[in-house]
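Before I ask anything, here is the structure I am working with.
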Amino acid sequence: MTKTLYDKLWESHVIRTYDDGSALLYVDRHLMHEVSTPQSFIAIEKKNGTLARPAANLAVPDHVVPTTRRDKPIADPLARAQTQRLVENVARHKVPFIPLNDPRQGIVHVIGPEQGFTLPGIVLACGDSHTSTHGAFGCLAFGIGASECGIVMATQAIRQQRARTMRVNIAGERGPFINAKDIALALIARIGANGAAGHAVEYAGPVISAMPMAERMTLCNMSIEAGARVGMIAPDETTFAYLEGRPMAPTGEMWRRAIDYWRTLSSDADAAFDREITLDISSVEPYVTWGTSPEDALPIGGRVPSPDEVAEPTRRTRRERALAYMGLKPGTRLEDIGIDVVFIGSCTNSRIEDLRAAAAVVEGRRVAKGVKAIVVPGSGLVCEQAEREGLAQAFLNAGFEWRQPGCSMCVGMNGDTLSPGQRSASTSNRNFEGRQGIGGRTHLMSPAMAAAAAITGHLTDVRKLAATRA
Amino acid sequence: MTPFTTLESVAAFLPEQNVDTDAIYPARYLLLMERDGLGPYLFRDRRYLGDNKRNDGFVLDREPFTQAQVLIAGSGFGCGSSREQAVWALTGFGIRCVIAPSFGEIFAGNAVKNGLLTITLPEDIVMQLGAAAERRAVFRIDLETREVHVDGERVASIDIGDNRRAALLNGWDETDIVLREDGEAIAAFEAQHRIAQPWLFQEADT
């Protein structure tokens, strides 16, 4: 019988199945952060329980940590207490931990791969919906809630419903400046924020094969914004080259045995998917969102749409709400939308490749007057590398703030927020109401597009801006 | 958790699509480390202007829906962030059942672990139920018989897997079940897995 990548990953982790088609899966790796786990530890300790395999976990604070003045204690007492709680919990249960002042600290979905904690063929869970990111390595990775975190910690297993399979073939040739973020937004605009619900998505095709790991992670990261809990890409030489020599990756004979196995992890040539779609990206332009769902995305050359185009009442209501919340009038050219804040960061777009793309745009230019622009690298290691490569200096010279790593303005828990009515160009993943602060208005886009918006002060086609330098 | 058998209540109707967990429970309250008492933060930014000024008019603040134990919404309810606080805030407010054409998967998984029943029904039926909710009809949700009644009339059946239903009816805690029933199976699997993929077990397990 032929199998998809998902089938192989699933079947290699089934401990037992249940009558209703669900299964108990073995969980190889669990990433912890300060926000998803306080209640999980309490639940375990209430039962006098312990962690099944402490070494299968890796903990790091990322969501609530400040991105400035790391030399001082965290100013917000709640954020300080939550970070401290993680420190105490992991110490009590002997969980491997990367503390705030460690150069390896960063966003869970950046440091997992960076440390080689994320590996092909594994089941990886984390109390964060963007855990789909790790599927870029050909593993089964998904977000879970705090109760499930507790179950995983106590049992090393989790009960899951098997997903339907969906393959997204990415075909065609990319135009200049087209990034995985544009591809993700184009896909979500087409299938909807709920379009892949119930499915495990595998991205495939020549564009994917040629894609570096950072972009594969961006694409898999955004799967949840299409409703899919799982996104994945079969591991290949690009994957192995990325992982070789990472601190927690296998070495020597174990490495050779591992890649022999990992090479078997791809969908069989004639494997059948429950659903298959092809996205030709030859005509994809840089995308931006205009509304309050990632599906509200359009090519930058477009205009703000009208609610009149939508007949179904809940969708129409949502669009009307979105326009009112965003303070936008139908028919407005997207390029005429002015912005106040630029955020380059998040588990979607804070890796070195993302910073290089943004820095190339800002190099030799200045941030527009009145615009506050910040760069928050995904990890301390990304931060150091960007400083070595001169990217940090390029951002500083242009008038950007260069911050310390964390989730920052993507989730707005650490004090990095928009004020009511402020509008951002953001490389993060969610433009929900209030996501970046009460009343804040978010436009999602790629790092190069966010950099271009910082320079001009409005949503901008980066290709036009680049042409002005030539 | 509290077992779920039957409930009878008015239902609140929120006719919107893709109501995300940031809307249900804004991120800044994730700094609280409790799981009880989160009801006041439910849909906080829809119910308040800023942090403290009441924005009257949200359905859950209108009588009789302040007493609603059932919430009816558009497709994609609970999409977005995995925060279980979205479920805790709903149950903290008194909501025990959400009816929608579809749900965010992580939200639905979190719900069942906290005695919150999610019922998936076709969009046209959900809209009819929403209209009945606005008429202040009385909803009866019976998980024993898997039936939804509106003003005494059976309008839909509840399609739910046996495991989820049993967990809700009995108020079971999944950690306890897994450890009790499957502890040996997990250990046996792990021993096999250790042989098949030894590179995953190189760390100093204690």
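Just to verify a result, which residue in region B:191-202, among those that are open to solvent by 40 Å² or more (accessible area, probe 1.4 Å) and within 20 Å of residue A:58 (Cα to Cα), is modelled with the highest pLDDT? I'd like the intermediate steps shown before the answer.
Initial filter on region B:191-202 (open to solvent by 40 Å² or more (accessible area, probe 1.4 Å)): B:191-192, B:194-196, B:202.
Imposing the further condition that a residue be within 20 Å of residue A:58 (Cα to Cα) reduces the set to B:194, B:202.
Working: B:194: 97, B:202: 81.
Only one residue tops the list, namely B:194.
Is it the case that residue A:305 is open to solvent by less than 70 Å² (accessible area, probe 1.4 Å) and either in contact (Cβ under 8 Å) with a residue 40 or more places away in the chain or under 25 Å from the mean Cα position of the chain (by Cα) (or both)?
no
Does region A:199-206 contain any residue that is away from every other protein chain (no Cβ under 14 Å) and either open to solvent by 30 Å² or more (accessible area, probe 1.4 Å) or under 30 Å from residue A:49 (Cα atoms) (or both)?
Yes, region A:199-206 has at least one match.
Going by the structure shown, is residue A:85 of a type in the set (Lys, Arg), buried (at least 16 other Cβ atoms within 10 Å of the Cβ) and within 14 Å of another protein chain (Cβ to nearest Cβ)? Break it down stepwise before answering.
Values: of a type in the set (Lys, Arg): yes; buried (at least 16 other Cβ atoms within 10 Å of the Cβ): yes; within 14 Å of another protein chain (Cβ to nearest Cβ): yes.
So residue A:85 passes the test.
Of everything in region B:160-172 that's open to solvent by 60 Å² or more (accessible area, probe 1.4 Å) and over 15 Å from the mean Cα position of the chain (by Cα), which residue is farthest from residue B:4 (Cα to Cα)?
Within region B:160-172, the match that is farthest from residue B:4 (Cα to Cα) is B:162.
Quick check on my filter: what residues within region A:355-365 are part of a helix (DSSP H, G or I) and touching a residue at least 60 places away in the same chain (Cβ under 8 Å)?
Residues of region A:355-365 part of a helix (DSSP H, G or I): A:355-362.
Passing the criteria: A:355, A:357, A:358, A:359, A:360, A:361, A:362.
If I ask for residues that are farther than 26 Å from residue A:315 by Cα and surrounded by 13 or more Cβ atoms within 10 Å (Cβ to Cβ), which ones from region B:126-144 would you list?
Within region B:126-144, B:138, B:140, B:141, B:142, B:143 qualify.
So in region A:135-176, with the set limited to residues that are more than 14 Å from chain B (Cβ to nearest Cβ) and in a helix (DSSP H, G or I), which one is nearest to residue A:22 (Cα to Cα)?
Going residue by residue through region A:135-176, those that are more than 14 Å from chain B (Cβ to nearest Cβ) are A:135-136, A:165, A:167-176.
Imposing the further condition that a residue be in a helix (DSSP H, G or I) reduces the set to A:135-136.
Numbers: A:135: 21, A:136: 24 Å.
Going through the qualifying residues, I end up with A:135.
If you don't mind, another one. At least 3 residues that are open to solvent by less than 20 Å² (accessible area, probe 1.4 Å) in each: list the helices (runs of 4 or more DSSP H) lying fully within region B:1-108 that qualify.
On the way: elements: B:21-24, B:44-47, B:85-93.
Here the list reads B:21-24, B:85-93.
For region A:30-53, indicate whether the set of residues that are in a strand (DSSP E or B), among the hydroxyl-bearing types (Ser, Thr, Tyr) and closer than 30 Å to residue A:138 by Cβ is non-empty. Step through it out loud before you land on a result.
Within region A:30-53, the first condition is being in a strand (DSSP E or B), and the residues that meet it are A:30-32.
Those left that are additionally among the hydroxyl-bearing types (Ser, Thr, Tyr): none.
Checked against the condition, which is being in a strand (DSSP E or B), among the hydroxyl-bearing types (Ser, Thr, Tyr) and closer than 30 Å to residue A:138 by Cβ, region A:30-53 yields no hits at all.
This table checks each residue for (1) farther than 17 Å from residue A:153 by Cβ; (2) at the interface with chain A (Cβ under 7 Å from one of its Cβ atoms).
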site	(1), (2)
B:154	yes, no
B:173	no, no
B:179	no, yes
B:184	yes, no
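Same structure again: Being more than 19 Å from residue A:116 (Cα to Cα), modelled with pLDDT of 95 or more and among the basic types (Lys, Arg) narrows it down to one residue among A:216, A:246, A:229; which is it?
A:229
Considering only region A:220-239, how many residues are touching a Ser or Thr at 6+ places or on another chain (Cβ under 9 Å), away from every other protein chain (no Cβ under 14 Å) and more than 20 Å from residue A:7 (Cα to Cα)?
1
State all residues of region A:324-345 that are within 14 Å of chain B (Cβ to nearest Cβ) and buried (at least 16 other Cβ atoms within 10 Å of the Cβ); if no residue qualifies, say none.
A:325
Here's something else I'd like to know. What pairs can you find where one residue is in region A:424-435 and farther than 18 Å from residue A:214 by Cβ and facing chain B (nearest Cβ under 7 Å), the other is open to solvent by less than 10 Å² (accessible area, probe 1.4 Å) and polar (S, T, N, Q), and their Cβ atoms are less than 7 Å apart, with a gap of 6+ or different chains?
A:435/A:442
Which one of the conditions (1) open to solvent by 10 Å² or more (accessible area, probe 1.4 Å); (2) farther than 28 Å from residue B:15 by Cα; (3) not in a loop (DSSP other than H, G, I, E, B) does residue A:368 fail to meet, given that it meets all the rest?
All conditions pass for residue A:368, except number (3).
Also: Mind telling me which of the residues B:94, B:78, B:74 ends up being more than 23 Å from residue B:128 (Cβ to Cβ) and of a type outside the set (Val, Ile, Thr)? Let's see the steps before the verdict.
Numbers: B:78 fails: more than 23 Å from residue B:128 (Cβ to Cβ); B:74 fails: more than 23 Å from residue B:128 (Cβ to Cβ).
After applying the criteria, what remains is B:94.
Go through region A:177-198 and count every residue that is within 14 Å of another protein chain (Cβ to nearest Cβ) and either closer than 30 Å to residue A:44 by Cα or part of a loop (DSSP other than H, G, I, E, B) (or both).
Here the count works out to 7.
I would also like to ask the following. Within region A:68-77, identify whether any single residue is in contact with a helix residue (DSSP H, G or I) (Cβ under 7 Å, 6 or more places away or on another chain), modelled with pLDDT of 95 or more, open to solvent by 30 Å² or more (accessible area, probe 1.4 Å) and facing chain B (nearest Cβ under 8 Å), and answer yes or no.
no
Are there any pairs with C-beta distances below 6 angstrom linking a residue in region A:265-277 that is more than 25 Å from residue A:192 (Cα to Cα) and open to solvent by 20 Å² or more (accessible area, probe 1.4 Å) to a residue that is of a type in the set (A, V, I, L, M) and assigned to a loop (DSSP other than H, G, I, E, B), with the two at least 6 apart or on different chains, and if so which?
A:266/A:234
Look through A:167, A:174 and report the one residue that is within 30 Å of residue A:191 (Cβ to Cβ), open to solvent by 10 Å² or more (accessible area, probe 1.4 Å) and out of contact with any strand residue (DSSP E or B) (no Cβ under 9 Å at 6 or more places or on another chain). If you could, list the steps in order and put the result at the bottom.
Details: A:167 fails: out of contact with any strand residue (DSSP E or B) (no Cβ under 9 Å at 6 or more places or on another chain).
Testing whether each residue is within 30 Å of residue A:191 (Cβ to Cβ), open to solvent by 10 Å² or more (accessible area, probe 1.4 Å) and out of contact with any strand residue (DSSP E or B) (no Cβ under 9 Å at 6 or more places or on another chain) leaves just A:174.
Being small (Gly, Ala, Ser), open to solvent by less than 10 Å² (accessible area, probe 1.4 Å) and in a helix (DSSP H, G or I) is the filter here, so list the residues in region A:208-264 that pass it.
Hits for region A:208-264 are A:214, A:223, A:226, A:258.
The values are calculated or read from the model by the stated rules, or taken from the named source; none is laboratory data. As the structure is a prediction and not an experimental result, all values here were calculated from the model. Virtual Cβ from ideal backbone geometry, glycine too; neighbours counted across all protein chains shown. Only protein heavy atoms, including side chains, enter the accessible area calculation; ligands, DNA and RNA are left aside. Shrake-Rupley method; radii C 1.70, N 1.55, O 1.52, S 1.80 Å.
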